[in-house]
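Worksheet: one structure, shown below.
Quick note: the coordinates plus some simple rules give every number you see, no bench work behind them. Being a predicted model, the structure only gives us computed values, none of them experimental. Counting neighbours? That spans all protein chains shown, and the Cβs are built from the backbone with ideal geometry, glycine included.
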Ligand SMILES: Nc1ncnc2c1ncn2[C@@H]1O[C@H](COP(=O)(O)OP(=O)(O)OP(=O)(O)O)[C@@H](O)[C@H]1O
Ligand SMILES: [Mg+2]
């Protein structure tokens, strides 16, 4: 996986594979780091062994690589990756921090493309994307709201990609996403 946007797709795909239909993503970043929190309402994980490359629920290949790779990259830059079961809901929460200025850092990549790919890949899944800045969380993308707007004729499928692109570029322009 070449960048963080690819990893984000993988993380949300993991949520979907775990039966989640609601995923919350919170991103905070500065010039020096990229922090991301993702929680879902899927069936949850039993323990930290999911960070072991030999643990996977895939049936096609025995080794799961998305999370161990991202953990390794995050740690190589001085950051971390943590994953846990959410006690109240039984879902999963994951967070990672990667230092962008470190030589081993991966580029952030095209977040706009990742979010629109997710929108179209899983029509039954609602993603809510928040950006945290100065301690304040702002909801910048709400897939449920977008789908309601499509239903009401206020948006159509062809301009959804454009909308997600514009919102992402406005929010993430400082980190030079593609
Ligand atoms: N949100 C989640 N909810 C429940 N289980 C999860 C979640 N995320 C990861 N897992 C578990 O951790 C395992 C490892 O995930 P990881 O993304 O590293 O590999 P993978 O999805 O199995 O394969 P790959 O991502 O390489 O295609 C998964 O197979 C799954 O069993
Ligand atoms: Mg995966």
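Remark: 29, 157, 80, 99 ranked as 157, 80, 99, 29, counting other beta-carbon atoms within 10 Å and listing the fewest first. Could you work out which residue, out of 55, 127, 108, moves most in a Gaussian network model of the chain, that is, has the largest mean-square fluctuation with Cα springs under 10 Å? It is 55. A Gaussian network model of the chain, with springs between Cα atoms under 10 Å, assigns the largest mean-square fluctuation among 156, 41, 14 to 156. The GNM of the chain, with springs linking C-alpha atoms under 10 angstrom apart, assigns the highest mean-square fluctuation among 134, 148, 87 to 134.
Given a cut-off of under 8 Å on Cα pairs at least six residues apart, what relative contact order in percent is computed for region 1-134? Present the calculation step by step, with values, prior to reporting the outcome.
On the way: 251 pairs, mean separation 45.4, N = 134.
It rounds to 34 percent for region 1-134.
With no solvent and one point per C-alpha, what does the Debye sum give as log10 I(q)/I(0) for region 95-178 at q = 0.15, 0.20 Å⁻¹? Log10 of I(q)/I(0), two decimals: -0.62, -1.01. The value for the chain of Rg(Cα) / (2.2 N^0.38 Å) is 1.02. If R0 is 22 Å, the Cβ-Cβ spacing of residue 17 and residue 46 corresponds to a FRET efficiency of close to 0.90.
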